[in-house]
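The values are calculated or read from the model by the stated rules, or taken from the named source; none is laboratory data. The structure presented is a predicted model; accordingly, all values stated were derived computationally and were not measured. Quick reminder, even Gly has a Cβ in these numbers, built from the backbone with ideal geometry, and neighbours come from all protein chains shown. Just so you know, the surface numbers come from the protein's heavy atoms only, side chains and all, with ligands and any DNA or RNA stripped out. Shrake-Rupley method; radii C 1.70, N 1.55, O 1.52, S 1.80 Å.
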Amino acid sequence: MGRPRAVEAAVSLFFLGMIVALLLLFFILAAQFESLVQPWIILSEIVIDLFGALVVLWAFGQTLNLMSMIGLIVVCGIVINDSILKIDTIIRLQRSGLALEKAIHEGGVRRLKPILMTSLTTIFALVPMLWGNDIGTQLQRPMSITLIAGMTVGTFVSLFIIPLFYYYLERIFISRKK
């Protein structure tokens, strides 16, 4: 029979809202970093995190519903903040005179504890919702699964993948300038 129209409308509005939010985020980041390349590094994390969260949601037999969509939005906000601050730290270190590799290493060292603290407190706070059987827990389970999966993937991406993307894109654009 298919999905009800209200569900289709909610999913369509969710994706339209995500596209508008991503465009606004891109323009804000481009203005902040004074670059059209660096926002792509940060926004690439959203694709990876959303894919990881959706795969885990599917693996747990959950559907994409209002609660899981709220979880996706929250995950994007938290992990994007981690990546923005990490890239900003690296750029500031480079401007202070550190070489690219040393700036990435030092930025990673400085941002490791805050990223881990944010992610682990969020994940551990949501774990009890995976096992409860009351109606409130069952209602929030898709959001909890989405948040835990997204934060786990997002933490790994923020700590390792984003600095790698930054390194390779900086190397490409530095070598073109020379």
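Points to keep in mind about this one:
- Counting protein heavy atoms only, the chain has 71 percent of its accessible area on carbon and sulfur, 1.4 angstrom probe.
- Calculated [θ] (222 nm, deg cm²/dmol) that DSSP helices of n ≥ 4 give over the chain, each run adding -39,500 (n - 2.57): -29000 deg cm²/dmol
- Solvent-accessible heavy-atom area per residue, rounded to whole Å², over segment 60-121 at 1.4 Å: 52
- Considering only Gln140, Gln32, Gln62, the Gaussian network model of the chain with Cα springs below 10 Å gives its largest mean-square fluctuation to Gln32.
- Think of the chain as having a plus end and a minus end, set by charges on the Cβ of Lys, Arg, Asp and Glu; of Gln94, Leu57, Phe26, Gln94 sits farthest toward the positive end of this dipole.
- Computed over protein heavy atoms with a 1.4 Å probe, the accessible surface of segment 18-57 works out to 53 Å² per residue.
- Labels on offer are (1) 124; (2) 146; (3) 313, and the one holding volume of the Cα convex hull per residue in Å³ computed from this structure is (1).
- For the chain, size of Cβ-based charge dipole, Lys and Arg +1, Asp and Glu -1, in debye: 460
- Computed over neighbours whose Cβ is under 14 Å from that of Val75, the net charge equals -3, Lys and Arg +1, Asp and Glu -1.
- Per-residue HN-Hα couplings for segment 31-37 [Karplus 6.51, -1.76, 1.60; θ = phi - 60°; Hz; x = Gly/Pro]: 5, 5, 8, 6, 8, 9, 8
- With each label modelled as a point 7 angstrom along the Cα→C-beta vector, the Val55-Tyr167 pair spans 2.2 nm.
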